[in-house]
Amino acid sequence: MVRRARRINRELAEVYPYAHPELDFRNPFELLVATVLSAQTTDLRVNQTTPALFAAYPTPEDMAAAVPEEMEEIIRPTGFFRAKTKSLIGLSVALRDEFGGEVPGRLEDLVKLPGVGRKTANVVLGNAFGVPGITVDTHFGRLVRRWKWTDEEDPVKVEAVVAGIFPKSEWTMLSHRVVFHGRRICHARKPACGACPIAPLCPSYGEGQTDPEKARKLLKYEMGGYPGQRLSPPADYPGKPAPALGAG
């Protein structure tokens with residue numbers, strides 16, 4: 001299993017050499033806020049919402065002083081906007097009062113912030129600070145169970161099992177590759193098995209559409225010729241930038 005898992009990672013690295021976080025951000029604070037907003041919605045909807053949010057509240061100090069009702073209106077498109085507003089103002093107050101207005105670079109500090117759990121902390125550590133971390137979101141958990149790396153459902157247990165399979169240096173990029181694959185090819189209800197480049201390695205091959213032509217029609221984002229989720233993707237991203245809010 002370990003050999004197969006590591007080979008899957010190597011194959012995914014060839015398929016997605018451009019894998020990256022699909023949230024737009026320019027600094028650790030923006031990534032932290034965007035990741036909190038991404039709960040129960042798409043990265044695309046977050047990316048369409050954060051330009052106005054960061055224009056209004058560019059720093060933790062600004063966000064800590066926000067009028068809740070005004071912030072709620074800005075982030076309403078992401079859903080659960082009242083709870084998210086409470087978390088964002090709360091974490092901004094904590095950053096201002098306890099960390100000098102800077103996002104801390106340690107897991108134990110990040111998880112103390114309102115609305116921040118291990119998943120969010122690992123996203124920020126891995127992508128804003130270069131600290132290796134495994135991000136167990138719904139896509140990651142689904143795929144590692146589909147590949148029989150683990151049968152655990154609890155994200156913390158999944159993280160621990162996968163961390164034991166791969167060297168720490170691979171953790172952050174592994175997370176991106178698996179999530180990319182889950183969003184583009186290995187979907188929850190209709191995986192595109194017939195168009196999957198790692199099909200020979202997959203113990204669950206056949207759960208989805210195996211006909212190559214029909215499977216290709218299931219591909220999403222750049223794999224299917226469509227825009228990605230970022231309005232400002234990395235320079236090496238081969239797909240199209242996503243549209244701004246209201247642009248279609």
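Brief remarks follow.
- Just one residue in the set LEU245, LEU231 is under 23 Å from PRO51 (Cα atoms), under 21 Å from the mean Cα position of the chain (by Cα) and open to solvent by 50 Å² or more (accessible area, probe 1.4 Å); that residue is LEU245.
- Among the criteria (1) open to solvent by 60 Å² or more (accessible area, probe 1.4 Å); (2) modelled with pLDDT under 95; (3) over 30 Å from HIS187 (Cα atoms), the one GLN40 does not fulfil is (3).
- Among residues of region 132-168, those that are within 21 Å of LEU201 (Cα to Cα) and either without any contact (Cβ under 8 Å) to a residue 60 or more places away in the chain or not in a loop (DSSP other than H, G, I, E, B) (or both), counted: 17
- Residue check for ALA66: modelled with pLDDT of 95 or more and either open to solvent by 20 Å² or more (accessible area, probe 1.4 Å) or under 18 Å from the mean Cα position of the chain (by Cα) (or both): no
- Number of residues in region 169-201 that are in a loop (DSSP other than H, G, I, E, B) and of a type outside the set (Val, Ile, Thr) equals 9.
- Within region 107-127, the only residue that satisfies the criterion of being free of Cβ contacts under 8 Å to residues at least 12 places away in the same chain, open to solvent by 50 Å² or more (accessible area, probe 1.4 Å) and not aliphatic (A, V, I, L, M) is GLU108.
- Residue within region 221-244 that is under 29 Å from ARG26 (Cα atoms), assigned to a loop (DSSP other than H, G, I, E, B) and among the polar types (S, T, N, Q) present: yes
- Filter pass, ARG26 being within 19 Å of the chain's Cα centre (by Cα), more than 20 Å from ARG96 (Cα to Cα), basic (Lys, Arg) and surrounded by fewer than 22 Cβ atoms within 10 Å (Cβ to Cβ): no
- Pair list, Cβ < 7 Å and 6+ apart or interchain, from region 49-64 residues that are under 13 Å from LEU32 (Cβ atoms) and touching a residue at least 12 places away in the same chain (Cβ under 8 Å) to residues that are buried (at least 21 other Cβ atoms within 10 Å of the Cβ) and of a type in the set (Asp, Glu): THR50/ASP24
- Only one of the listed residues (GLY90, GLY79, GLY101) is open to solvent by less than 40 Å² (accessible area, probe 1.4 Å), closer than 20 Å to PHE129 by Cα and at pLDDT 95 or above. That residue is GLY101.
- When region 144-165 is filtered for residues that are open to solvent by less than 60 Å² (accessible area, probe 1.4 Å) and under 19 Å from ARG3 (Cβ atoms), the ones remaining, listed by number, are VAL144, ARG146, TRP147, TRP149, THR150, VAL161, VAL162, ALA163, ILE165.
The values are calculated or read from the model by the stated rules, or taken from the named source; none is laboratory data. Nothing here was measured: the structure is a model prediction, and the numbers come from that model. All Cβ positions, glycine included, derive from the backbone under ideal geometry; neighbour counts span all protein chains shown. Heads up: the accessible areas ignore ligands, DNA and RNA and are worked out on the full protein's heavy atoms, side chains in. Shrake-Rupley method; radii C 1.70, N 1.55, O 1.52, S 1.80 Å.
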